[in-house]
Amino acid sequence: MCVTCGCGQNGATRIDGEALGAHEHEHVLADGTRVVHRHEHGNDAAHDEQMHIRALQHGHDIASMANAVFLPISGKSFEHTHAAEHGHAHTHTAVPPQERREIPTELVRLETALLDKNQRIATRNRIALAKRGVLALNLMSSPGAGKTSLLVRTLTDLAAEIPMSVVEGDQETSADAERIRATGARAVQINTGAGCHLEADMLERALHTLSPAEGSVLFIENVGNLVCPALFDLGEYARIVVLSVTEGDDKPLKYPHMFRSAQLMLLTKIDLLPYVSFDPARAEANAREVNPQIQCLRLSVTSGEGLANWYQQLRSLLQEVATESVA
Amino acid sequence: MHELGITRNLVAIVSEQAHGKRVLRVWLEMGTRTALMPDAVRFCFDVVALGTVLEGAVLDILEIAAGLQCEECGTYADPDRITDQETAVICAQCQSSKLRRRSGEELNIKAMEVEPCA
């Protein structure tokens with residue numbers, strides 16, 4: 001609880017359910033919107049009172065909130081605008097903030113999407129790939145789910161049939177790219193260093209080096225991580241999430257962002273099912289719960305079971321891309 | 001971890017738009033379903049802002065709650081029933097599980113407050 005104003009609980013980080021920190025807290029508006037803000041406790045005057053007023057005054061539904069713009073204007077009052085369909089009348093009391101700055105300030109509206117740059121580059125990648133009829137697949141999973149093993153097997157089995165290349169993302173080492181190159185396929189390794197995911201500009205640079213052949217499959221093996229790769233569009237045609245049976249079948253529920261963003265889920269290592277408590281049907285049901293549209297395939301790179309279905313899926317996706325690039 | 005990269009973007013975009021003016025405050029709209037932690041963004045913000053026109057600026061994060069709408073009948077899901085995982089959320093009207101996200105993935109810089117050039 002905030003010791004200055006006695007309101008709210010604070011933001012996102014919780015350890016064993018306990019919130020951290022005392023200087024940042026949130027207000028829950030009547031419509032469920034949460035406003036998180038910080039204020040300097042050394043100086044009560046700096047408390048952003050406008051947020052409290054906003055919290056008290058509003059009772060809009062979520063849909064209108066999604067489009068609403070709220071901007072406190074320093075030194076005067078606060079105003080906000082609503083989406084066009086917002087149809088009710090209400091007044092907002094203009095309350096001068098307790099904070100008075102000595103210098104006049106200027107408010108600049110930006111309305112810029114933070115991931116705009118990544119999105120623009122991703123779109124550029126997508127167009128460039130589509131023009132060449134390249135099927136780009138973004139493979140994501142936690143570390144050790146078997147992405148590289150699946151690729152090595154796929155590249156070996158389909159070498160004579162489909163031209164394929166690989167972009168490998170890892171924090172460090174070129175070990176994975178070397179494993180891929182051992183199959184004869186072309187591969188580029190991206191080391192993200194401190195980064196935990198691939199971004200569109202990394203793929204763009206990799207594409208310059210790799211220059212994937214027309215009508216080929218480009219596998220993009222993202223950094224092993226079930227969290228942030230979901231946030232970054234690379235310009236891929238489809239996203240594939242790989243889940244191995246040595247993990248928990250509740251992973252789709254634990255990492256919903258990832259499973260929601262993917263079109264296909266591959267359950268790998270199914271040859272180990274007799275030795276683990278993983279229930280593949282439950283895993284698939286969980287995946288569909290967060291993403292009703294997701295397709296699911298089960299396979300084992302070791303036994304070869306289910307690989308035929310995966311290869312068939314690749315062929316039909318490649319066909320889809322070829323059709324679209326002609327159209 | 002990825003909050004650092006996101007925050008660098010934020011500081012880069014705002015710096016560019018400020019055209020050399022000192023920035024006092026930035027309003028960032030952030031959906032609760034962006035896989036970002038507001039606290040981590042704030043932590044990174046103070047560090048990344050050092051040595052830029054944003055140094056010492058206040059970052060206000062406006063959180064936008066998750067909103068779901070039924071694809072079948074158009075009913076909005078009750079925000080109180082949307083859990084962290086959003087699992088087991090079905091339409092209260094028609095029991096469909098096909099719910100489309102209407103809010104919660106926002107990640108927008110809304111505005112900045114700058115000091116006019118002397």
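Conditions tested, residue by residue: (1) at the interface with chain A (Cβ under 9 Å from one of its Cβ atoms); (2) among the charged types (D, E, K, R); (3) under 15 Å from B:ARG102 (Cα atoms).
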site: B:LEU24; (1), (2), (3): yes, no, no
site: B:LEU36; (1), (2), (3): yes, no, no
site: B:ARG42; (1), (2), (3): yes, yes, no
site: B:VAL48; (1), (2), (3): no, no, no
site: B:ASP60; (1), (2), (3): yes, yes, no
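Answer yes or no: is there a residue in the stretch A:295-308 that is surrounded by 12 or more Cβ atoms within 10 Å (Cβ to Cβ), in the same structural domain as A:PRO212 (by TED's automatic domain parsing) and assigned to a helix (DSSP H, G or I). Checking the stretch A:295-308: at least one residue is surrounded by 12 or more Cβ atoms within 10 Å (Cβ to Cβ), in the same structural domain as A:PRO212 (by TED's automatic domain parsing) and assigned to a helix (DSSP H, G or I).
The number of residues in the stretch A:100-120 being assigned to a helix (DSSP H, G or I) and either modelled with pLDDT of 95 or more or surrounded by fewer than 19 Cβ atoms within 10 Å (Cβ to Cβ) (or both) comes to 4. Go through the residues of the stretch A:168-182 one by one and say whether even a single one is in contact (Cβ under 8 Å) with a residue 24 or more places away in the chain, closer than 28 Å to A:VAL326 by Cα and in the same structural domain as A:ILE240 (by TED's automatic domain parsing). No, the stretch A:168-182 contains no residue that is in contact (Cβ under 8 Å) with a residue 24 or more places away in the chain, closer than 28 Å to A:VAL326 by Cα and in the same structural domain as A:ILE240 (by TED's automatic domain parsing).
As for the stretch A:243-263, it holds no residue that is surrounded by fewer than 20 Cβ atoms within 10 Å (Cβ to Cβ), more than 20 Å from A:PRO143 (Cα to Cα) and small (Gly, Ala, Ser).
Across the stretch B:10-20, the number of residues qualifying as surrounded by 19 or more Cβ atoms within 10 Å (Cβ to Cβ), facing chain A (nearest Cβ under 9 Å) and not small (Gly, Ala, Ser) comes to 3. In the stretch A:138-151, the qualifying residues are those that are surrounded by fewer than 19 Cβ atoms within 10 Å (Cβ to Cβ) and either of a type in the set (A, V, I, L, M, F, W, C) or part of a loop (DSSP other than H, G, I, E, B) (or both), and the one that is farthest from the chain's Cα centre (by Cα) is A:GLY144. Would you check if there is a residue in the stretch A:156-165 being hydroxyl-bearing (Ser, Thr, Tyr) and within 20 Å of the chain's Cα centre (by Cα)? No: zero hits. Evaluate the following for B:ALA92: is it facing chain A (nearest Cβ under 7 Å) and modelled with pLDDT under 85? Considered against the rule, which asks whether it is facing chain A (nearest Cβ under 7 Å) and modelled with pLDDT under 85, B:ALA92 comes out as no. So is A:GLU236 over 26 Å from B:SER97 (Cβ atoms) and touching a helix residue (DSSP H, G or I) at 6+ places or on another chain (Cβ under 8 Å) or not? When the stated conditions are applied, A:GLU236 passes them. Among the residues making up the stretch B:1-56, those that are at pLDDT 90 or above, assigned to a loop (DSSP other than H, G, I, E, B) and touching a helix residue (DSSP H, G or I) at 6+ places or on another chain (Cβ under 6 Å) are B:THR52, B:VAL53, B:LEU54, B:GLU55.
Only residues that are hydrophobic (A, V, I, L, M, F, W, C) and within 22 Å of A:GLN119 (Cβ to Cβ): list them for the stretch A:233-280, please. Listed by number, the residues that qualify are A:LEU234, A:ALA238, A:ILE240, A:VAL241, A:MET258, A:PHE259, A:ALA262. Within the stretch A:152-170, being small (Gly, Ala, Ser) and surrounded by fewer than 19 Cβ atoms within 10 Å (Cβ to Cβ) holds for A:ALA159, A:ALA160. When the stretch A:148-172 is filtered for residues that are more than 19 Å from A:ALA136 (Cβ to Cβ), polar (S, T, N, Q) and in contact with a helix residue (DSSP H, G or I) (Cβ under 9 Å, 6 or more places away or on another chain), only A:SER149 remains.
The values are calculated or read from the model by the stated rules, or taken from the named source; none is laboratory data. All values reported here derive from a predicted model rather than from experimental measurement. Neighbour counts are summed over all protein chains in view; Cβ atoms, including those assigned to glycine, are modelled from backbone coordinates with ideal geometry.
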